[in-house]
Amino acid sequence: MTMTDPKTALQPVDRVEPRTRLKWLRDMMLIREFELRTMQAYQEAKIGGFCHVYIGQEACAVGCIAAANPDDPVITAYRDHGHALARGMEPRYAMAEMFGKSGGCAKGKGGSMHFFDQRTHFYGGHAIVGGQTPLGVGLAFATRYENEVLEQGAKRITLCFLGDGALNQGALHEAMNLASVLELPCLFIVENNRYSMGTAIERGTAMAHDLSTKAAAYGMPYYQADGMDVCAVYNVMKRVIDRARAEQAPAFVEIKTYRYKGHSMSDPQKYRSKDEVAEYEANDPIRRLADALIASGDLDEKAFRALSQSVRDEVRDAIAWAEQSPEPDPAADLYRDVVREPFGPYGPTTPPEMCGHEPGAVAEE
Amino acid sequence: MTMTDPKTALQPVDRVEPRTRLKWLRDMMLIREFELRTMQAYQEAKIGGFCHVYIGQEACAVGCIAAANPDDPVITAYRDHGHALARGMEPRYAMAEMFGKSGGCAKGKGGSMHFFDQRTHFYGGHAIVGGQTPLGVGLAFATRYENEVLEQGAKRITLCFLGDGALNQGALHEAMNLASVLELPCLFIVENNRYSMGTAIERGTAMAHDLSTKAAAYGMPYYQADGMDVCAVYNVMKRVIDRARAEQAPAFVEIKTYRYKGHSMSDPQKYRSKDEVAEYEANDPIRRLADALIASGDLDEKAFRALSQSVRDEVRDAIAWAEQSPEPDPAADLYRDVVREPFGPYGPTTPPEMCGHEPGAVAEE
Amino acid sequence: MSAATATTTRQIQFREALREAMSEEMRRDPRVFLMGEEVAQYQGAYKVSQGMLEEFGPRRIIDTPISENGFAGLGIGAAMMGLRPIIEFMSWSFSLVAADQILNNAPKMLYMSGGQFGCPIVFRGNDGAGGQLGSTHSWAVEGLFSNVPGLRIAIPSTPYDAKGLLKTAIRCDDPVFFLESERMLGNKGPVPEEEYLIPFGVADIKRAGADCTIVSFGRPVHFCLEAAEKLAAEGIECEVIDGRTIRPLDIDTIIESVKKTGYCVVVDQSWPFGSVASEVAAQVYERAMDYLDNRVYRVCSDDVPAPYSKALEQAMLPHAGKIIEAVKKAMYLA
Amino acid sequence: MSAATATTTRQIQFREALREAMSEEMRRDPRVFLMGEEVAQYQGAYKVSQGMLEEFGPRRIIDTPISENGFAGLGIGAAMMGLRPIIEFMSWSFSLVAADQILNNAPKMLYMSGGQFGCPIVFRGNDGAGGQLGSTHSWAVEGLFSNVPGLRIAIPSTPYDAKGLLKTAIRCDDPVFFLESERMLGNKGPVPEEEYLIPFGVADIKRAGADCTIVSFGRPVHFCLEAAEKLAAEGIECEVIDGRTIRPLDIDTIIESVKKTGYCVVVDQSWPFGSVASEVAAQVYERAMDYLDNRVYRVCSDDVPAPYSKALEQAMLPHAGKIIEAVKKAMYLA
Ligand SMILES: Cc1ncc(C[n+]2csc(CCOP(=O)(O)OP(=O)(O)O)c2C)c(N)n1
Ligand SMILES: Cc1ncc(C[n+]2csc(CCOP(=O)(O)OP(=O)(O)O)c2C)c(N)n1
Ligand SMILES: [Mg+2]
Ligand SMILES: [Mg+2]
């Protein structure tokens, strides 16, 4: 593996169908609407614990996941709502999870930071910074093992998302080195939103201005994408993924993005200026794609309003569904799902309601 | 901080006095003799636990430490006998430690992998691979803090030695990043002897052929030295140290070296050929320096034999001393040194016998 | 022994008590510094260190990247050299990535070095459930770490104790694990203006009573007090002992009380197996078996990963209801 | 239940028993693989995996760099996808750098994911003192990890148990921590050619006796047997119970024995505070207090970091002498 100049290594993919870009627009709008309502529900104390919304970063998850096959494993950190939805988790199961309801994607046991969806090959939602990266390498190991030892399945690649703050965890370093020496098809996708909580990346990460050095230390190709433009993300990721799939080798991708809201729901945000936020908001990925589609005649204001309405309806439905979903029952649920083989006080495990659905049922709607 | 081309960045230091080089020769010979007798004592079951000898790598510790000030902190991994001796620990305390005697440098509580010597600013001997590197950064933090906050002491730099196997531990990654963002004068000195146990570096470490990438990932200058030549090590280290001291900044040094013996005392060494070992032995750092000193007329065979005899005597004395040093007494010693402030079953702590000696008493002899 | 409760004593928050302890010690001893994630510019993720950057400057109040193993080790190295670091874990849950440094190095360095290098360091942060944070973020690390010799573990339940114990911790020549609780940081309590220190290994009888001994540590002490109030209404007078430190454990105070009451309930926020509660129970039997009129009852968190759901989490954690039930069982009243 | 001791049964080493268990399961199930430091080309740092690379090839016997947190996590990720990794820690002492992965992820993934992703994974390696390895290399991790729900802990004392338990571990759909001992790898014992499995949570009475119950786990079981032999010479018949697994704990077998003997000694190689011994003691009191004729005696390692010196290490660890003393005290004979 050799170092790759991010500027030259990737050619633009063929023009993406307007239909597809419209789907991306809707996916991003759905995430945005979902997160806005999440914030509201949090303020209404319907959601507990920590809650980190994805607003501003929608193009990352949507662009990356669009470029992957539906059965390529996806794993991420605790800011996971966007990835789960982009992957096709139905909003109702996501919202119910945050409401701590038994209909949630983890039956109310995981919460905002621990979303999971077996059906869509979404492996979580992990709340220890950097802790998901060795797991991601393990998913890549498993796909390769299935292929080569078990001789089953097609070649898959793993999308392992992480925040810029995870760059400084030893786990990532070990994971990247392992992916490299064991030649595992794991993509380390850094959503560089410039901050980990209140720490600007330059304050916490050496060589923040040139993350290609991080990839180079493991002999991995480095790629970069503008995370405020879903088409740019897709373009880069399509090539990265195709190549990683063919070579069954790791790569490192930096997506330059921004979160508009605070780190969590209790963040005074003194570490950045209002102007800085406004600058990024002016470059909003949803607005940008909508404008482009309008300019190309593939969307008009009316259709856009209809789209807005449809995502609002979908999220409203999700909230209503979550509201009515029953609370877990301590007597019945506390000691379930601890183990697969029951013993002593531990009852059996059962998949969440969500798992009964057909794959792709929502993703295609 | 910028990347440095190891070939050009360092100018040779002024010609080193023959007297000084003779001292290095003796230091290396002392370590060699010490280790040979260590192996023997281990075979005689006078030493227990794990035991890792330094034979072949003597030029690393001697060359690096010669280039440092006596009060620059030194810390290393479990293959620590050479560093301790090069730093001036008296062989008797080192040997007594391995014999598990109360006269040992850690009163028999540390053993081969855990040598310590406060008097010579030797901060151990650490047996968890990579675990010493955050400690090393802490020592560098402390020297800088003493300087700048407590306004005492001269500028010091920390020598943090590690094996090539430690390159793959998350601890090193975090340590290097911290040293870089906090601007701490810590030198990460990799003794690259090409193997961690039976694992050739290429099998375990991405980019093994170009470790400068590891430094570059943290914006640290990278230097390289031929570890089979103590003068070369000194030359590089002198400049590295002077610069790190002045700039109070970290650096990364790769010393290419080799261990002649097995990883520990029970290593069948099937992972490398006898020829490979012989090749390095033919390039032995002790022989090389002796030859050079003879060629320049600063040493003759007779003086060399006298030197050999003197280190043999010194190590023989160390063994005799270790033999007669008393075993620790469980009743008196087991619950001591656990804490500095005694409570419950825990008695007080007392420094080892060694600490009573004047600084430099042996180092200058 | 208990906090002065005179009406004149000012009331401050738990987080303020912690801050005062650190600030006072930093003024007294220039070797003390504070390091951790978001402790400086952000003013503390939980505002414990608010204002400290301003007073002490960036050389002594130091922000770190998310590298717990790295900066825990950094602190230990600095302590080996004689500095007195306070290392903040935003949560003790994140100390698992630093387990090697905090368990292999801090508590053993003095012993391994034959008495040469000690570690006068304080690791502190939020311990235990923080309110629906789920499995990875709700560790009560006393269940894991109290097994390890060479360290002190302090776990205050009130602002008064927090301040006095933290000052002792900072002055201690040995490593201290200091366990706070996010759920208590806003709690107010009386803390005198005058300086005081609370020695380690001295439990505090938070409520006297002759009928049943309840032993606890940290946040659950409040649930014990709540239970004791309710039981008092039924005529049962519980003695609530706040251990305050787990290592050293003030077993003498506990035994003295058990000898008086004959009944003992231990309340511990960690999982039951091999927990602090198991240890207290085992020691109570060992030292006071003849005085016990019933077996010791343990109230711990349920032996399952911490769930997110509020209903499940509340069911899992110790609370007054469970304690009341245990006391009644212990006293053969249920 | 106990190993067949018929003279016809072949004798093999503990390490061979482990190897057979792994190899048989790898032949049976292609999803099983072995990963760790030096397990392949080097043939195992302790020769446990000798010959396995040759049989199974480099895709299933996989050498790793010194990255315990990394490859432990890799194994967990692979297990989430349905593979069945065996992750070897050269020593459990090195698992501290992997604490986050093995404690936060393996035992909690199923719960956190609401039943979606399990972790059928085995972590195995040398636990406890290895013979003068000093503080950092002598961890008896059961003292730390047994507090954590969601995992199984197996700790065999004989080749027979090692093989049968490891096969069960590999087939288990949940994570298993499998604790071996460097000091026992060369021990020989009878292991039949025929396949067998030993269920978890079933203790083995390694020696029957009516006078005093001795409970232990792993290597110290041998010290208990040695002590029991010596005590038998004095006419004291001890029942030695080998717990074999710590989670689940077969408390029923222990209680049954204690009800018979009235005396109980628990022997545990970890430190005493909040240990497996504390837990066993606490549970014995809870369930059999009325049958106990004396308090339970615990024999643990001394509460100090592991020293290097042979004399100190031997003094620190449990041994027959300490056990004999404890039994005599328990029986009011000393
Ligand atoms: C090991 C660990 N340390 C600290 C935290 C607390 N924490 C949660 S999120 C976060 C910031 C992470 O920033 P980044 O990785 O950039 O992700 P972003 O929030 O920008 O999505 C911190 C410090 C944690 N969850 N895990
Ligand atoms: C975290 C950890 N994992 C594994 C080990 C076991 N171990 C001891 S030394 C060693 C090899 C280290 O190689 P290297 O760093 O190159 O040092 P060298 O032996 O060449 O001096 C290993 C795997 C350990 N001590 N610590
Ligand atoms: Mg970020
Ligand atoms: Mg090496």
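The values are calculated or read from the model by the stated rules, or taken from the named source; none is laboratory data. Keep in mind it's a predicted model, so treat the numbers as computed, not measured. Backbone-built Cβ (ideal geometry, glycine too); neighbour counts: all protein chains shown.
Structural remarks
- Scanning segment D:280-290 for residues that are facing another protein chain (nearest Cβ under 7 Å) and either under 21 Å from the mean Cα position of the chain (by Cα) or closer than 20 Å to D:VAL141 by Cα (or both) turns up D:ALA281, D:ALA282.
- Test result for D:ASP293, within 12 Å of chain C (Cβ to nearest Cβ), over 22 Å from D:ILE205 (Cβ atoms) and among the charged types (D, E, K, R): no
- Here D:ILE86 passes the criteria (1) touching a residue at least 60 places away in the same chain (Cβ under 8 Å); (2) closer than 19 Å to B:GLY198 by Cα except the one numbered (2).
- Which numbered condition C:VAL280 misses (of (1) surrounded by fewer than 24 Cβ atoms within 10 Å (Cβ to Cβ); (2) out of contact with any Lys or Arg (no Cβ under 7 Å at 6 or more places or on another chain)): (1)
- D:ALA3 vs. criteria buried (at least 19 other Cβ atoms within 10 Å of the Cβ), outside the structural domain of D:GLY115 (by TED's automatic domain parsing) and either under 20 Å from A:MET176 (Cβ atoms) or modelled with pLDDT under 95 (or both): yes
- D:GLY218 being of a type outside the set (Asp, Glu) and not in a helix (DSSP H, G or I): yes
- Annotation note: Cβ proximity below 6 Å between a residue of segment D:310-334 that is under 25 Å from B:VAL338 (Cα atoms) and a residue that is among the charged types (D, E, K, R) (sequence gap 6+ or interchain) occurs for D:ALA311/B:GLU327; D:MET316/D:ASP302.
- Candidate set: segment A:128-182, residues that are within 7 Å of another protein chain (Cβ to nearest Cβ) and acidic (Asp, Glu); chosen: the one nearest to the chain's Cα centre (by Cα): A:GLU174
- Among the conditions (1) within 16 Å of ligand 1 (Cβ to nearest atom); (2) buried (at least 24 other Cβ atoms within 10 Å of the Cβ), the only one that A:MET207 does not satisfy is (2).
- Residue check, D:ALA98 more than 28 Å from D:THR136 (Cα to Cα) and in a helix (DSSP H, G or I): no
- Residue match in segment C:207-215 (condition: touching a Ser or Thr at 6+ places or on another chain (Cβ under 7 Å) and under 20 Å from C:LYS163 (Cβ atoms)): no
- The sole residue among B:GLY104, B:GLY136 that is more than 21 Å from B:LEU172 (Cβ to Cβ), buried (at least 24 other Cβ atoms within 10 Å of the Cβ), in contact (Cβ under 8 Å) with a residue 12 or more places away in the chain and not acidic (Asp, Glu) is B:GLY104.
- Scanning segment D:78-93 for residues that are more than 7 Å from every other protein chain (Cβ to nearest Cβ), surrounded by 24 or more Cβ atoms within 10 Å (Cβ to Cβ) and either away from ligand 2 (no atom under 12 Å from the Cβ) or assigned to a helix (DSSP H, G or I) (or both) yields D:ALA79, D:PRO85, D:ILE86, D:ILE87, D:TRP92, D:SER93.
- Selection count, segment D:291-334, where residues are polar (S, T, N, Q) and part of a helix (DSSP H, G or I): 1
- Any hit, segment A:188-199, residues being away from ligand 3 (no atom under 16 Å from the Cβ) and either over 19 Å from the mean Cα position of the chain (by Cα) or outside the structural domain of A:ALA61 (by TED's automatic domain parsing) (or both): no
- Tally, over segment B:315-346, of residues that are without any contact (Cβ under 8 Å) to a residue 40 or more places away in the chain, assigned to a loop (DSSP other than H, G, I, E, B) and either in contact with a Gly (Cβ under 8 Å, 6 or more places away or on another chain) or crowded, with 22+ Cβ neighbours inside 10 Å (or both): 7
- Any hit, segment C:263-270, residues being of a type in the set (Phe, Trp, Tyr), more than 14 Å from chain A (Cβ to nearest Cβ), assigned to a loop (DSSP other than H, G, I, E, B) and touching a Cys at 6+ places or on another chain (Cβ under 8 Å): yes
- C:SER49 meets the conditions (1) surrounded by 23 or more Cβ atoms within 10 Å (Cβ to Cβ); (2) within 12 Å of chain B (Cβ to nearest Cβ) in every case but one. The failed one is (2).
- Matching residues, segment D:130-143, being surrounded by 24 or more Cβ atoms within 10 Å (Cβ to Cβ) and either small (Gly, Ala, Ser) or free of Cβ contacts under 8 Å to residues at least 12 places away in the same chain (or both): D:GLY134, D:SER135, D:SER138, D:ALA140, D:GLY143
- Candidates D:ILE198, D:ILE170, filtered to the one that is more than 10 Å from every other protein chain (Cβ to nearest Cβ) and assigned to a loop (DSSP other than H, G, I, E, B): D:ILE198
- Neighbours by Cβ (under 6 Å, 6+ apart or cross-chain): first from segment C:239-262, more than 10 Å from every other protein chain (Cβ to nearest Cβ) and at positive phi; second among the aliphatic types (A, V, I, L, M) and buried (at least 18 other Cβ atoms within 10 Å of the Cβ): C:ARG244/C:ALA203
- Residue match in segment A:183-200 (condition: free of Cβ contacts under 8 Å to residues at least 12 places away in the same chain, within 16 Å of ligand 1 (Cβ to nearest atom), more than 24 Å from B:ARG203 (Cβ to Cβ) and surrounded by 22 or more Cβ atoms within 10 Å (Cβ to Cβ)): no
- Unmet requirement for C:GLY235, which otherwise passes all of (1) at the interface with chain D (Cβ under 10 Å from one of its Cβ atoms); (2) assigned to a loop (DSSP other than H, G, I, E, B): (1)
- Here B:GLY198 meets each of (1) away from ligand 4 (no atom under 16 Å from the Cβ); (2) over 15 Å from A:ALA215 (Cα atoms) with one exception, condition (1).
- Every residue from segment C:104-142 that is more than 10 Å from chain B (Cβ to nearest Cβ) and part of a helix (DSSP H, G or I): C:SER135, C:THR136, C:HIS137, C:GLU142
- So A:THR143, is it polar (S, T, N, Q), assigned by TED's automatic domain parsing to the domain that holds A:GLU58 and in contact with a helix residue (DSSP H, G or I) (Cβ under 8 Å, 6 or more places away or on another chain): no
- From the list B:ALA232, B:ALA290, B:ALA246, the lone residue that is out of contact with any helix residue (DSSP H, G or I) (no Cβ under 9 Å at 6 or more places or on another chain), assigned to a helix (DSSP H, G or I) and in the same structural domain as B:GLY165 (by TED's automatic domain parsing) is B:ALA246.
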